[in-house]
Structure formats: structure tokens, C-alpha cells
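Just so it is clear, none of the values below were taken in a lab; they were calculated from the coordinates. Just so we're clear, the structure is a prediction, and the values are computed from it rather than from any experiment. Because the Cβ atoms are built from the backbone with ideal geometry, glycine has one as well, and the counts that use them run over all protein chains shown.
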Amino acid sequence: MSILGCGWLGLPLGRSLARKGYLVKGTTTSRPKLASLVARDIQPFLLHLDPEPNGEGLADFLSADVLVLNVPPKVEARGADFHPRQIRFLMDSLLGSAIRRVIYISATSVYPDLNREVTEEEALPQPGSNRVLLQAEALLRSLSPRVETTVLRCGGLMGYDRIPGKYFAGRKALPTGAVPVNLVHRDDVVGAVEAVIEREKWGETYNLVAPLHPTRQEVYLRNAADLGFEPPEFTPTGNQPFKIVAVRKLQQELAYVFRYPDPLNFSFTNEDPFY
């Protein structure tokens, strides 16, 4: 099991897989962080995609059955062409490796705001990171049948030290309080990745968000009340564009039961069991 990108999501994923008995390899772009991977039973590799693979031991890292690809596109910093180029260079390496299965961490930003529920079939190219993610998904799917890719389109990743309301503490006149959220707790992303692997659901695309969709105002005010920071204030506005990302396919095909189905009840703590 290899994880390209052992950061806020990839590191706890690797630790969880190692605890389940998998041999886990993981990458970091920072030499000082190599020790943190070793401490979590992850075989460490110093690698980055710039956009070509650069670092130490790429062939050894790709000597595995499954690759979890957890690399954000960084469109604002590197431009819209950078992430697809990363994927193309990586594809060349994959075709000469033992990897047969890929899990690509994508995002629900691929869906436009249609003011209704959206399913896996409704992604539409938009400017920015949306288009980049769809390009990356398509490139990886083109490796089939040699390499089968399952895409997880994640909502806003929260939990532990990532608290949605904290980023708006004390703000005034926020206009989008009535918009429903599409959030997911990190523990459920880890759980869903493990479910894909264990149930061998390859060549699929799944949305990954908490099944319930309270409004931003409800979430931010709950966070402020529970965690003791200044609540934001909202200004009533007309209809704001929104989407509600459907997660039924993942629940049904993976038989996945969310640990945190309601963003109003997400767990937030700095005492991270994986760190």
C-alpha cells in the first residue's frame, strides 16, 4: 500500500492502514518529516511531483498493489496546467510499476451550483481547480484496464484542528448563511478509503460528504457555542447558489456507515490519535 502525500489526511490514513496490518509506504516533500512517518509504521520516501517525479526511491515506492494519490492541484500557486502534468508524468511511472489500483482524492468542487442535489454523473468543467481535477480524473481513468482508478470526490475536509466556524469567527455581515454545507470528517475519509480497498471497488467514482447538510449559519454558530470563539454575524440575502452533494452511491455500494453523519456533531480536538 503506497500513499503519495502523507500530510493532514495521508499520514493518519497510513497509520490506520498500518494498524490493520498493511505494509504502508508513504511520501513527504520534507526531509525533517521522514521521522514522523517512521514513528507511525510508514516506510518513508522523500518524493515530490515537480511536475515530474523527483526524489529518492520512486521504483521502490511504486512496488505495491494500491496507490492512494493525495496531491492537491495548487492551481493558484502553480497554474492550471501543473497538476495534469504531474499526473501525466506519474502515469508513465505507473505503467512500468507493480501498481494495479489507484485511489485518487478529488473534490466536490467539480460540481457547479445547480441549486439542487447533484450526483456522480453531473460534474461539469468550470474554470480553475474544478477543470483541473476533472482532467486528472480522466487521465487516470485512461490507464484502464492496466490500472483501475477509483475517484473519491470529497467535500470540505474537517475534524480535529480544522473547524469550519473558526475561520469566520467574529466576522460581520456574512451573506451565505442559508447555504447548505457539503463537509466530511477526516475519520470518514480514512474509513471510506479503507472500505474501497477492503471491498475492492475499483473503476468507480464516489462522492464523499456527510449525509446531512445543515446550513453554514447553523454549523458556524454551533462551532462558536461549543468551542468558545466569537460567533460570526450573518446578513439575510436573496437566494444564494448552492448544491447538495448526494452520497447514496457510496453508502449503498460500500455499505459504509458514517461515523460523523451530521456536521453539527463533528468532533474537534487537538488530541489527534494519529499524531
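Here are some notes:
- Over region 1-59 - Rg/Rh using Cα atoms and the Kirkwood inverse-distance radius: 0.95
- Formal net charge of residues neighbouring P112 (Cβ-Cβ distance under 10 Å; K, R +1; D, E -1): -1
- For q = 0.12 Å⁻¹, Debye-computed log10 I/I(0) when each Cα of the chain counts as one equal scatterer: -0.77
- Average Cα contact separation per residue, the chain, under 8 Å, 6 or more apart, as relative contact order %: 18 percent
- Annotation: Cα Rg of region 172-215 relative to the compact-globule expectation 2.2 N^0.38 Å equals 1.59.
- For region 112-190, convex hull volume per residue from C-alpha positions, Å³: 138 Å³
- A simple rule links phi to the HN-Hα coupling: the Karplus curve 6.51 cos²θ - 1.76 cosθ + 1.60 with θ = phi - 60°, which for region 153-167 gives 8, 8, x, x, 7, 9, x, 6, 8, 9, 10, x, x, 4, 6 Hz, with x for Gly and Pro.
- Label point at D113 placed 7 Å out along Cα→Cβ; residues across region 243-272 whose backbone nitrogen lies under 18 Å: 243-246
- Applying the criteria of a DSSP loop state and at most 12 other Cβ atoms within 10 Å to the GluC sites (Glu not before Pro) of region 197-256 yields E200.
- Rounded to the nearest 10 degrees, the inclination of helix 186-199 to the longest alpha-carbon principal axis of the chain is 40 degrees.
- Relative to the longest principal axis of the Cα atoms of the chain, the long axis of helix 216-227 lies at roughly 90 degrees.
- Kirkwood's formula applied to the C-alpha pairs of region 1-134 gives a hydrodynamic radius of 15.8 angstrom.
- Pairs of Lys residues in the chain that lie 8 or more places apart, or on two chains, and have C-alpha atoms under 26 angstrom apart add up to 12.
- Close amide H pairs (under 5 Å, H built 1.01 Å from N) link I244 with R116, E117, V118, residues at least 5 positions away or on another chain.
- Reported to the nearest whole Å, the Cα centre-to-centre distance from region 1-69 to region 104-181 is 24.
- Solution diffusion estimate, µm²/s, Stokes-Einstein, region 109-244, Kirkwood Rh from C-alpha pairs, 37 °C, viscosity 0.692 mPa s: 196 µm²/s
- Compactness of region 77-158, expressed as Rg and Dmax over alpha-carbon positions, Å: 13.6, 44
- Base-10 log of normalised Debye intensity for region 200-275 (one unit scatterer per alpha-carbon) at q = 0.12, 0.21, 0.24 Å⁻¹: -0.52, -1.07, -1.16
- With Cα atoms, 0 to 90° folded angle of helix 129-141 axis to the chain main axis: 40 degrees
- In region 31-73, the ratio of gyration radius to Kirkwood radius, Rg to Rh, stands at 0.95 when only Cα atoms are counted.
- Each principal axis of the Cα cloud of region 47-101 was taken in turn, and the coordinate range along them, longest first, works out to 33, 22, 16 Å.
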